[in-house]
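K.L.:
Would you mind keeping the following structure in view while I ask a few things?
The values are calculated or read from the model by the stated rules, or taken from the named source; none is laboratory data. These numbers were taken from a predicted model, which means no experiment stands behind them. Cβ coordinates were reconstructed from backbone atoms using ideal geometry, including for glycine residues, and neighbour counts include every protein chain displayed. Note: areas computed on protein heavy atoms with side chains; ligands, DNA, RNA excluded. Shrake-Rupley method; radii C 1.70, N 1.55, O 1.52, S 1.80 Å.
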Amino acid sequence: MTEDERAIRDLVDTWMAASKAGDTATVLSLMSDDVVFLVPGHEPFGKEAFAAAAAGQSEFRIDGRGEIRELQVLGDWAWLRSHLDITMVPPVGQPVRRAGWTLTILRKQPDGRWLLTRDANLLTVQPAAAGGAEPPLIPETYQSE
């Protein structure tokens, strides 16, 4: 694994840990100022809208896991494909679980840091598992990739 690949994996790990901790400032520091997010059913949005949405969900607890399935570094640009499984737990009411694929583009900054600059997030709401069984992180149809 190259130094750049390790730095990108560390960014993803830091993002997940900060999300679980409710540390929006750290999450925002991992994205470029011109970041663009693509999610189903919404117009593309940037860092300011992300921050506002996070502030509106500050009472939620986030739990989840992810797995990078592909990572390619091309000079000062990189992309990764990952599968996420995230549960949002509100202070009152039922948790909502979303899972699916992401395609993320990162750009290396002049200071050597990698920042997320584009993200297509295809997570969808998942039905509750019968009997509380945890579903597989990667659906069986994709496990042979």
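K.L.:
What are the residue pairs meeting all of these: first residue in segment 47-69, first residue over 19 Å from residue 116 (Cβ atoms), second residue surrounded by 14 or more Cβ atoms within 10 Å (Cβ to Cβ), Cβ atoms under 6 Å, and 6 or more apart or on different chains?
P.N.:
Correct list of pairs: 60/88; 61/89; 63/87.
K.L.:
What pairs come out if I take residues in segment 4-17 that are in contact (Cβ under 8 Å) with a residue 40 or more places away in the chain and pair them with residues that are part of a helix (DSSP H, G or I) and buried (at least 16 other Cβ atoms within 10 Å of the Cβ) whose C-beta lies under 7 Å away, six or more apart or interchain?
P.N.:
Short answer, once both residue conditions are applied: 15/27.
K.L.:
Does residue 43 satisfy the criteria of being modelled with pLDDT of 95 or more and either assigned to a helix (DSSP H, G or I) or basic (Lys, Arg) (or both)?
P.N.:
no
K.L.:
Being among the hydrophobic types (A, V, I, L, M, F, W, C) and open to solvent by 70 Å² or more (accessible area, probe 1.4 Å) is the filter here; which residues of segment 41-60 pass it?
P.N.:
60
K.L.:
So the check is Cβ under 7 Å with 6+ separation or different chains; which pairs have a first residue in segment 73-101 that's free of Cβ contacts under 8 Å to residues at least 60 places away in the same chain and among the polar types (S, T, N, Q) and a second one that's surrounded by 16 or more Cβ atoms within 10 Å (Cβ to Cβ) and outside any loop (DSSP other than H, G, I, E, B)?
P.N.:
87/64; 87/97
K.L.:
Here's another thing I want to ask about it. Across segment 61-104, what is the number of residues that are over 17 Å from residue 127 (Cα atoms), over 12 Å from the mean Cα position of the chain (by Cα) and either modelled with pLDDT of 95 or more or open to solvent by less than 30 Å² (accessible area, probe 1.4 Å) (or both)?
P.N.:
Summing the residues that are over 17 Å from residue 127 (Cα atoms), over 12 Å from the mean Cα position of the chain (by Cα) and either modelled with pLDDT of 95 or more or open to solvent by less than 30 Å² (accessible area, probe 1.4 Å) (or both) in segment 61-104 gives 11.
K.L.:
Of the residues that make up segment 25-40, is at least one within 17 Å of the chain's Cα centre (by Cα), open to solvent by 50 Å² or more (accessible area, probe 1.4 Å) and small (Gly, Ala, Ser)?
P.N.:
The answer is yes, given that some residue of segment 25-40 is within 17 Å of the chain's Cα centre (by Cα), open to solvent by 50 Å² or more (accessible area, probe 1.4 Å) and small (Gly, Ala, Ser).
K.L.:
Could you tell me how many of the residues in segment 75-98 are aliphatic (A, V, I, L, M) and more than 20 Å from residue 36 (Cα to Cα)?
P.N.:
5
K.L.:
Identify the residue in segment 105-121 that is assigned to a strand (DSSP E or B) and open to solvent by 50 Å² or more (accessible area, probe 1.4 Å) and, among all such residues, is nearest to residue 3 (Cα to Cα).
P.N.:
We begin by selecting, within segment 105-121, every residue assigned to a strand (DSSP E or B); these are 105-108, 114-121.
From the residues that got through so far, the ones that are open to solvent by 50 Å² or more (accessible area, probe 1.4 Å) too are 105, 107-108, 118.
On the way: 105: 17, 107: 15, 108: 12, 118: 21 Å.
Among them, the one singled out is 108.
K.L.:
If you don't mind, there's one more thing I want to ask. For segment 68-87, state whether one or more residues are part of a strand (DSSP E or B) and at positive phi.
P.N.:
No, segment 68-87 contains no residue that is part of a strand (DSSP E or B) and at positive phi.
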